[in-house]
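Peer 1: Once you've had a glance at the structure underneath, I'll fire off some questions.
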């Protein structure tokens, strides 16, 4: 009997546990899932909670209820992973040995990584919606808001649900209008990218949405600090955006145990093969969900399709054979645009979002890169699909390979198609991929996670590769400057509408 441990009982961890238990008996494969508590959150619902669409109790259920018999759920914090000795150490002193390990602990918002991100205005005029508690506090802040400067701000990419900040901006514009305070409010969208929509087709189709709604756009804004006293966000080139209500999306990092284990890069993301999700440094570790360095969206749909590929490859891995199935970076993203309408994007590693219909040509019924009422209803309906089908590993009528059927494919020269990253054949830095390395404006590099801030180095962010363990502790500020969205490896979508959900 082989032992497989899954770190994380979220979307990817729960899906793969259900699929593995259905495929292998307990005599063949012992399954253990490790997570901190027994609360499974429907994270896409955080976006809607501040506007009253959902109540908090509709977004939380027991993890136990979604795991089948024969899966051991261990509720404890992870201390570290000793990959050479195939052991997971928990903070209560227990040690879990494994033959195979799946890392599915995702990423988490870390406001303390930005100077002032944990200042006295947090919970007063500075808010977020990337946790349940933060979304509840923001709902109360919106209820008290009577007009002024409302700023929606992204600290840096990659983030989970990367289109969510843009969705929040659209929903806020609708909310302000319906409550009669839109004319009293200056609404600004601030991004570190070079545009709200940066992929050519998406930019052409959607580029006027912000201006038509009277939303100001501030691009290439890499935050240096949140000034709690002046109520401003300040960039490294000393641009200042004042706010009365700030909705900021903090830096997203992998959990600290990744750093302590020496498994991650400077964002605590585990470098992994782009097609098999296999950790580059440890062939018996797979990374599913948001916790790896896949050059696509950190989204639930990506987790779904990646889990399917893992299940196709796992029998070969058990037999010691080569993995022959490859993930293409496929993602489908619904984007709320306000007033009961939404957009749908479909993309993968080498195909940007195109116009057209989904899933069938002409008849759709869902429109791509176009607002429709049906897209909005489909996004709301996804909550039922998530609880009743996706998490339980039940079949869905979507293949893990993206189809171009129904899409109006345009000339590659104008579409700036991104080539499929090559499959890594051996542990190596992610920079071995044919995708060019990130190009950034001159700026100090981010100090290693968990270490005290030191004199900044002039070198760029290191390529993704195994890092040495670092002790946990307070996070240093992020001293980098603007991000070019056409070269940053985190996105595949258009700009901040770029690669979730």
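Values in this text are rule-based calculations from the coordinates and carry no lab data. These figures come from a predicted structure and were not determined experimentally. Note that we place each Cβ from the backbone using ideal geometry, even for glycine, and neighbour counts take in every protein chain shown.
Peer 1: When the label point is put 7 Å from the Cα of residue 61 along its Cα-to-beta-carbon vector, which residues of the range 23-45 have a backbone N closer than 13 Å?
Peer 2: Output list for this probe position: 39-43.
Peer 1: Do you know the relative contact order of the range 331-415, to the nearest whole percent, from alpha carbon pairs under 8 angstrom that are 6+ apart?
Peer 2: Working: 130 pairs, mean separation 25.7, N = 85.
For the range 331-415, the relative contact order is 30 percent.
Peer 1: While we're here: Looking at the square roots a ≥ b ≥ c of the eigenvalues of the Cα gyration tensor of the range 331-415, which shape do they give, rounded for a/c under 1.5, prolate if a/b is larger than b/c, or oblate?
Peer 2: Working: a/c = 2.03, a/b = 1.32, b/c = 1.53.
Oblate, because a/c is 1.5 or more while a/b does not exceed b/c.
Peer 1: What distance in nm separates the simple spin-label points at residue 318 and residue 69, each placed 7 Å from Cα in the Cβ direction?
Peer 2: It works out to 2.0 nm between the two label points.
Peer 1: Sketch the reach of a paramagnetic label on residue 396 as a point 7 Å from Cα along Cα-to-Cβ, and name the residues of the range 1-20 whose backbone nitrogen lies under 17 Å away.
Peer 2: 10-20
Peer 1: A follow-up question, please. Using 0.36 nm per residue, how much length does the chain from residue 362 to residue 339 gain when fully extended, once their Cα-Cα distance is taken away? All intermediate terms of the calculation are to be shown ahead of the outcome.
Peer 2: Values: separation 23, 0.36 × 23 = 8.28 nm, distance 2.48 nm.
Result for the pair: 5.8 nm of gain on full extension.
Peer 1: Using the number of other C-beta atoms within 10 angstrom as an exposure proxy, rank 335, 103 with the fewest first.
Peer 2: Starting with the residue having the fewest Cβ neighbours, the order is 335, 103.
Peer 1: Where the centre of each part is set by its Cα atoms, how far does the range 110-179 sit from the range 276-355, in angstrom?
Peer 2: For the range 110-179 versus the range 276-355, the Cα centre distance is 28 Å.
Peer 1: Rounded to the nearest 0.05, what FRET efficiency do residue 140 and residue 350 give with R0 = 51 Å and r taken as the Cβ-Cβ distance? Could you check?
Peer 2: On the way: r = 44 Å, r/R0 = 0.86.
Approximately 0.70, to the nearest 0.05.
Peer 1: Could I ask something else about it? Given a Förster distance of 22 angstrom, what is the FRET efficiency for residue 37 paired with residue 388, based on the Cβ-Cβ distance and rounded to 0.05?
Peer 2: Details: r = 22 Å, r/R0 = 1.01.
Taking R0 as 22 Å, the efficiency between residue 37 and residue 388 is 0.50.
Peer 1: Any idea how far apart residue 82 and residue 403 come out in nm if each label point goes 7 Å out from Cα toward Cβ?
Peer 2: 5.0 nm
Peer 1: Please state the relative contact order of the range 65-223 as a whole percent: Cα pairs under 8 Å, 6+ residues apart?
Peer 2: Values: 154 pairs, mean separation 23.5, N = 159.
15 percent.
Peer 1: For the range 170-288, what size does the Cα cloud have along each of its three principal axes, sorted from largest down, in whole Å?
Peer 2: In descending order, the Cα extents are 57, 40, 30 Å.
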